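The values are calculated or read from the model by the stated rules, or taken from the named source; none is laboratory data. Just so it is clear, the structure is predicted and the values come from calculations on it, not from any experiment. When we count neighbours, we look across all protein chains shown, and the Cβ atoms used for this are built from the backbone with ideal geometry, even at glycine. Just the protein is used for accessible areas: all its heavy atoms, side chains included, with ligands, DNA and RNA removed. Shrake-Rupley method; radii C 1.70, N 1.55, O 1.52, S 1.80 Å.
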Amino acid sequence: MNTPHSEPLPVNLRAAGAAVTGGSVALAACSLFAATDRRHEQSCAAVDGLCWTWWDWAAIPVTFAAGLTVLAVVCKVLDISPRIAVITPTVVFAPVLLGVARSTGGMWAATVAGGVWSGCLALATVGDRRHRMAGLPVATALVLATLILLIALPG
């Protein structure tokens, strides 16, 4: 049985879809960490000394697993390849990027940073040279700005 070959989505739509997905994953991660902080404060309020809840132990692995699954599925649906070029830098740099954005600007800054990061990486991988030249410098500038903020912020 022959299936008709459909035209791929335009580059801009694929990058926008990746940006929306990245922002959504960042918002979900920030919401999970905020809920974890609230749960930790409630559970450990009466305890002197060290106190951990299962939320503390599960938050980071759950966030990575859910984020990677969503990114892999969306990259497959939007035909963003090579997926390894999007997912690997996201795993390495996004936690630092989102952590700095959340600590300096709150949950919405982290959401915007996640969206811009995912959109730029997708733009750099799905397009031709013109799109790569637009996506790579912005993604690099985000990482450099994050590193500068990490160095400049007190404590």
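Computed values, structure above
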item: Shape of the range 11-77, Cα gyration tensor, a/c cut at 1.5; result: prolate
item: Length added when fully stretched, ALA35-ILE84, from 0.36 nm per residue minus Cα-Cα; result: 14.6 nm
item: Of LEU97, THR125, ALA26, farthest towards positive along the dipole that unit charges on Lys, Arg, Asp, Glu beta carbons give the range 24-155; result: THR125
item: Cysteines (scope the chain) whose Cβ has no counterpart Cys Cβ under 4.7 Å; result: CYS30, CYS75, CYS120
item: Rounded if a/c under 1.5, otherwise prolate or oblate - the range 28-119, Cα gyration tensor axes; result: prolate
item: For the chain: Kirkwood Rh in Å [reciprocal of mean 1/r, alpha carbons]; result: 16.8
item: Euclidean distance of C-alpha centroids, the range 91-126 and the range 130-150, integer Å; result: 10
item: Residue-span extension gain [LEU68 to CYS44] - 0.36 nm each, minus C-alpha spacing; result: 5.6 nm
item: Relative contact order [Cα under 8 Å, 6+ residues apart], the range 2-148, whole percent; result: 35
item: Exposure of VAL25 as accessible area (Å², to 10), given a probe of 1.4 Å and all protein chains; result: 40
